[in-house]
Amino acid sequence: MMKKKHGLTILKLGGSLITNKDRPLSPNFKAMRIAGRAICDALVENRKLKLFLIHGGGSFGHYYASMFHATTTPGRVASEGVSRVAQAMISLHSMILKELIDADVPCRTIAPGEFLTNPKGRVTRVGSNKISALLDIGCIPISFGDIVTSNRGTWIVSGDQIALSLAESIDVERVIFAMDVDGIFEDSKMKGSIISELNSRNQTLGTKRKFDVTGGIGSKIAIGFKLAKVGSDVYFVNGKKGERLQKLLSGNRVLSTHIVSKNISS
Ligand code: IP8
């Protein structure tokens, strides 16, 4: 399929950033506000910036997903688990939405089921049109990792996978992963210096945190390479450093890890 031109920047606000990841159901409002201000400033600086926002589950969705054994593979999950995970995500989503709108970031929810097919996760024509319509009126679409049920079972779709599904279907220039650390560390124990450009020679495995059902940094890096292969430049940046996030959104170089799409063979 021809990729429809959107020239989008996807910003994924990681669950480790917007929640206190090791404390169940604990939002990090300070981080949400810093991100909101950075996005607002970047939009003022560059009126042509076309954003799509996604956020992760952190200690909301992952907490219940791990309690009820929901994984990224379709399977049986107790009905209470499905409800708890979904409700936790809606509750976190509502908090981030309010913080962003209060920070003058005009955004509008688009749940994964509104633009992705089940179970393959491609962007539908209706979904692509919805995204275009929101962008045309200056509204930033915002989605989130979620729990999905179909006749194949129930599974977790991560925000990172949503970014990949979008980039495989429409023209996504950049994907920025805003995290709670400065980028990808040279050392898998998250010590030492930050890798400025990640390529097939310096891949690292990363670590996994408490309650993380979608794989932590290791699978984020793997998705980063897939994104680069389909033509998107990928950045891992510290979202707690508002100025850094704002500058990166505005197209400047900052301390971060970059996967350069043209350096990754498809
Ligand atoms: O934090 C997972 O999204 P992620 C969402 O982007 C749920 O991996 C429901 C756990």
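The values are calculated or read from the model by the stated rules, or taken from the named source; none is laboratory data. Because the structure is a prediction, the values reported are computed rather than measured. Virtual Cβ from ideal backbone geometry, glycine too; neighbours counted across all protein chains shown. For accessibility, only protein heavy atoms count, side chains too; no ligands or nucleic acids. Shrake-Rupley method; radii C 1.70, N 1.55, O 1.52, S 1.80 Å.
ASP233 fulfils the conditions (1) out of contact with any Ser or Thr (no Cβ under 6 Å at 6 or more places or on another chain); (2) at pLDDT 95 or above except for a single criterion, (1). Residue check: ARG76 meets all listed conditions (1) open to solvent by 30 Å² or more (accessible area, probe 1.4 Å); (2) within 14 Å of the ligand (Cβ to nearest atom); (3) basic (Lys, Arg) but one, namely (2).
This table checks each residue for (1) crowded, with 23+ Cβ neighbours inside 10 Å; (2) modelled with pLDDT of 95 or more; (3) part of a strand (DSSP E or B).
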{"position": "LYS120", "(1), (2), (3)": "no, no, no"}
{"position": "LYS130", "(1), (2), (3)": "no, yes, no"}
{"position": "PRO141", "(1), (2), (3)": "yes, yes, yes"}
{"position": "ILE147", "(1), (2), (3)": "yes, yes, yes"}
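The condition (being open to solvent by 30 Å² or more (accessible area, probe 1.4 Å), within 20 Å of the chain's Cα centre (by Cα) and not basic (Lys, Arg)) is satisfied by just one residue among ASP171, ASP187, ASP136: ASP171. Among the residues of segment 132-155, those identified as without any contact (Cβ under 8 Å) to a residue 40 or more places away in the chain and more than 16 Å from the ligand (Cβ to nearest atom) are ALA133, LEU134, ASP136, ILE137, GLY138, CYS139, ASN151. Tallying residues that are over 24 Å from ALA65 (Cβ atoms) and either out of contact with any Cys (no Cβ under 6 Å at 6 or more places or on another chain) or within 16 Å of the ligand (Cβ to nearest atom) (or both) within segment 86-122 yields 3. Checked against (1) within 16 Å of the chain's Cα centre (by Cα); (2) open to solvent by 20 Å² or more (accessible area, probe 1.4 Å); (3) closer than 22 Å to ARG174 by Cα, LEU53 passes all but condition (2).
Among the residues of segment 87-111, those that are open to solvent by 20 Å² or more (accessible area, probe 1.4 Å) and either among the aliphatic types (A, V, I, L, M) or assigned to a loop (DSSP other than H, G, I, E, B) (or both) comprise ILE90, MET95, LEU97, ILE101, ALA103, ASP104, PRO106, ALA111.
So, of the residues in segment 15-50 that are in a loop (DSSP other than H, G, I, E, B), without any contact (Cβ under 8 Å) to a residue 60 or more places away in the chain and away from the ligand (no atom under 16 Å from the Cβ), which turns out to be least open to solvent (accessible area, probe 1.4 Å)? For segment 15-50, the residue satisfying everything is LYS48. Mind checking which residues of segment 156-168 are more than 10 Å from the ligand (Cβ to nearest atom) and open to solvent by 20 Å² or more (accessible area, probe 1.4 Å)? Once the filter is applied, which keeps residues that are more than 10 Å from the ligand (Cβ to nearest atom) and open to solvent by 20 Å² or more (accessible area, probe 1.4 Å), segment 156-168 yields only GLU168. Scanning segment 117-148 for residues that are closer than 18 Å to VAL82 by Cβ, in contact with a Lys or Arg (Cβ under 8 Å, 6 or more places away or on another chain) and of a type in the set (A, V, I, L, M) yields a total of 0. Residues of segment 51-73 being under 30 Å from LEU135 (Cβ atoms), in a loop (DSSP other than H, G, I, E, B) and either without any contact (Cβ under 8 Å) to a residue 12 or more places away in the chain or more than 7 Å from the ligand (Cβ to nearest atom) (or both), which ones? Residue satisfying the conditions is THR72 alone.
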